[in-house]
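One structure is given here, and the rest of the page talks about it.
The values are calculated or read from the model by the stated rules, or taken from the named source; none is laboratory data. Keep in mind that this is a model prediction, so the values were computed, not measured. Reconstructed Cβ throughout: ideal geometry from the backbone, glycine too, with neighbour counts over all protein chains shown.
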Amino acid sequence: MKKVNFLFIILLLSTLYVNAQSNILSAIENGQSKQVLNWLSEGHDVNTPLQYKSETMSLLSLASKLGKAEIADILVKKGANVKARIEFKDALMYAAEGGNKEIVNMLVLAGADFTLENMKGQTAKDLAVNAGHSEVANILDQEMQNKYKAIRLAKANKK
């Protein structure tokens with residue numbers, strides 16, 4: 001009897017998890033900000049990984065991949081980890097690859113690490129260049145230059 005109850009609870013929890021994943025996936029795909037906020041207010045973790053097609057990614061990565069700037073903004077404001085990488089790819093890489101300047105700028109301002117590399121050794125800038133998004137690549141290149149200038153200045157001030 002205990003084994004049957006335990007299996008029933010496992011099945012119920014699995015069903016609830018799949019439904020929750022399906023709900024948030026649909027809300028992000030359709031740009032339904034209110035549903036995303038409701039899902040988060042139900043106590044779901046803003047950094048929950050999910051399966052989208054053949055990839056596992058964060059909610060923020062999915063919003064970035066799909067160009068859903070309003071949802072990406074909500075997720076960042078609710079504490080999404082802008083540096084989170086799943087399968088060696090982060091939200092900035094998805095946004096850069098998709099050519100989404102608004103999301104790229106938002107993620108950089110939120111502290112995304114534009115020096116991270118995917119499994120092929122490519123940065124977000126590389127992905128933007130390869131996808132033909134020169135404007136996004138220029139934004140990331142400028143951010144990189146600014147970072148290195150700041151590092152050099154800090155080292156010079158230590159002397």
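Yes or no: Lys147 more than 21 Å from Leu66 (Cβ to Cβ) and charged (D, E, K, R)?
Working: more than 21 Å from Leu66 (Cβ to Cβ): yes; charged (D, E, K, R): yes.
Answer is yes for this residue.
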key: Residues located in the stretch 40-57, provided they are out of contact with any Asp or Glu (no Cβ under 8 Å at 6 or more places or on another chain) and either surrounded by fewer than 18 Cβ atoms within 10 Å (Cβ to Cβ) or of a type outside the set (A, V, I, L, M) (or both)   = Ser41, Glu42, Gly43, His44, Asp45, Asn47, Thr48, Pro49, Gln51, Tyr52, Lys53, Ser54
ask   = If you go through the stretch 101-159, how many residues are among the charged types (D, E, K, R), in a helix (DSSP H, G or I), in contact (Cβ under 8 Å) with a residue 12 or more places away in the chain and surrounded by 15 or more Cβ atoms within 10 Å (Cβ to Cβ)?
value = 4
query = Does the stretch 49-59 contain at least one residue that is at pLDDT 95 or above, closer than 22 Å to Glu87 by Cα and either assigned to a helix (DSSP H, G or I) or among the aromatic types (Phe, Trp, Tyr) (or both)?
reply = yes
